[in-house]
Structure formats: C-alpha cells, structure tokens
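What follows is a single structure, written as structure tokens, with notes after it.
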Amino acid sequence: MVKAHKPSSGSSRSTKGAARSQSKSQKKKTFPPPPPPQRGGVELVDPRVQAQLKVYDEALTLFHQQKFARAKQELETVLEGPSKELADRARMHLKITEQRMKPSLEKNPHTADEHYQRGVAMMNIGRWDDARESLDKARKAAPKADHIHYALAALDCLTGEADSALANLKVAISLRAENRYHARNDEDFAFLQEDPRFTELLYPEKDGTAG
C-alpha cells in the first residue's frame, strides 16, 4: 500500500503564507476610491461647480463690503448653478441682502451710525442725492469717523466729482491709514484710476512721502 505523502511543515507554512499574501492582495483591491475634493461639503470636481463657487465667493466679498446691489446680482447667478448646497447658501444670503437694501422708513435716523447705514443703503440702490444727505448728516454728527469720509469719497466717485472724492479720501486715510489699502482694491474708485493725484495718495512710497 502506498502511503500518502505528508507535506513537510515548511511546505505547509509556505502554502499558508502564499494564501495570506493572496488574501491581502485581494483585500487591497476592495478599497474604495478616494472621495472627490470638497470645500464645506461642496464637491469641486465639476468645473461648473468650481465656477459657481468662485461667483459665490465674489458675492460674499461684495456683501461684506456692503455693496448689496452687486452682491444681489452675483447671488442670483449662484442660484442658477449645479450645486444645490451652494444655491441654498446663496438663497440665505440673498434674503439678508434684500433686507439690508431696503432703507429704514419706519423711523427717522438719529445717530451718526444710523445716518451712515441709511446713506450706504441709498448708495446701493442708486439714490445719490438721498445718500449724500444722509452721509453729510453722519459726518456732521461724527466728524472723526473715517468710514463716513470713506463712504463719501466713494459716493463722489460714483457721481463723477473727482476733487471732492480725493479730499474725502485724504481725510479718511489721515484718520485711519488702512483706508489707503482698501481704496487700492475698491472698484468704487475706478473713476480715479487715471488721476495722478489718486496714485500719489494711494502710493506715497513712490515719491517718498509715506507716513
């Protein structure tokens, strides 16, 4: 009778090792693919979503700058994009924007800040005369408030009054130096871009008069 050949212990270990190795290799293949890149829960793979997110970011920047009319336009554009999550966020900010664009008609402003807020609201809906009236009252109530002079300078640019815009901006910068850097990137001052006085005011280091 032929006896069955008993495999050696080394052979058995080799077979078990190969089985484990094969099992591991099979397990590696079952790992799911990495999730698509996200930002705040919004997938960014689709280029249309990336474009939608860019518009949303621009809208928020305008919103924080209190440029509500332009922010409203950008937010409405976001609503048409493919990402429902971004559209929901835009819809929420759109409601706030529309509320802030409505001037307070229920009570007359009394404090400098109330006059300022009303003036900015009037600017955002293109009512320049009403905006100037409110901002002038705000400046009279708080002559050292740099943001009021800055808003008046922006209003002057929007109405084409270069000399007044430069004068108000100069005061705003003297009261708070950071306004110089804000004005460099503020589109409301596009009217003055070609005026050498505007360049001298915003970039004094070029002629050694910074300080």
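The values are calculated or read from the model by the stated rules, or taken from the named source; none is laboratory data. Keep in mind that what you see is a predicted model, and the values were worked out from it rather than measured. With ideal geometry, Cβ positions are generated from the backbone for all residues, glycine too; neighbour counts draw on all protein chains shown.
Tell me which residues, restricted to segment 76-91, are closer than 14 Å to Phe63 by Cβ and either surrounded by 14 or more Cβ atoms within 10 Å (Cβ to Cβ) or modelled with pLDDT under 90 (or both). Please lay out each step first, then the result.
If we filter segment 76-91 for residues that are closer than 14 Å to Phe63 by Cβ, which is where we start, we get 76-78, 89-91.
Glu76, Thr77, Val78, Arg89, Ala90 - these are the residues of segment 76-91 that are closer than 14 Å to Phe63 by Cβ and either surrounded by 14 or more Cβ atoms within 10 Å (Cβ to Cβ) or modelled with pLDDT under 90 (or both).
Hey, which of the helices (runs of 4 or more DSSP H) in segment 109-211, taking only ones fully inside, have at least 1 residues that are acidic (Asp, Glu) and either assigned by TED's automatic domain parsing to the domain that holds Ala69 or surrounded by 17 or more Cβ atoms within 10 Å (Cβ to Cβ) (or both)?
Values: elements: 112-124, 128-141, 146-158, 162-175, 178-184, 196-202.
Because the criterion is at least 1 residues that are acidic (Asp, Glu) and either assigned by TED's automatic domain parsing to the domain that holds Ala69 or surrounded by 17 or more Cβ atoms within 10 Å (Cβ to Cβ) (or both), the helices (runs of 4 or more DSSP H) in segment 109-211 that meet it are 112-124, 146-158.
Checking the structure you have, find out if any residue of segment 151-161 is modelled with pLDDT of 90 or more, more than 17 Å from Phe189 (Cα to Cα) and over 25 Å from the mean Cα position of the chain (by Cα).
no
Check Asn168 against each of (1) closer than 24 Å to His64 by Cβ; (2) over 27 Å from the mean Cα position of the chain (by Cα); (3) at pLDDT 95 or above and name the one condition it does not meet.
(2)
Test Ala71 against the stated conditions and say whether it is in contact with a helix residue (DSSP H, G or I) (Cβ under 8 Å, 6 or more places away or on another chain), surrounded by 16 or more Cβ atoms within 10 Å (Cβ to Cβ), of a type outside the set (Ser, Thr, Tyr) and at pLDDT 90 or above.
no
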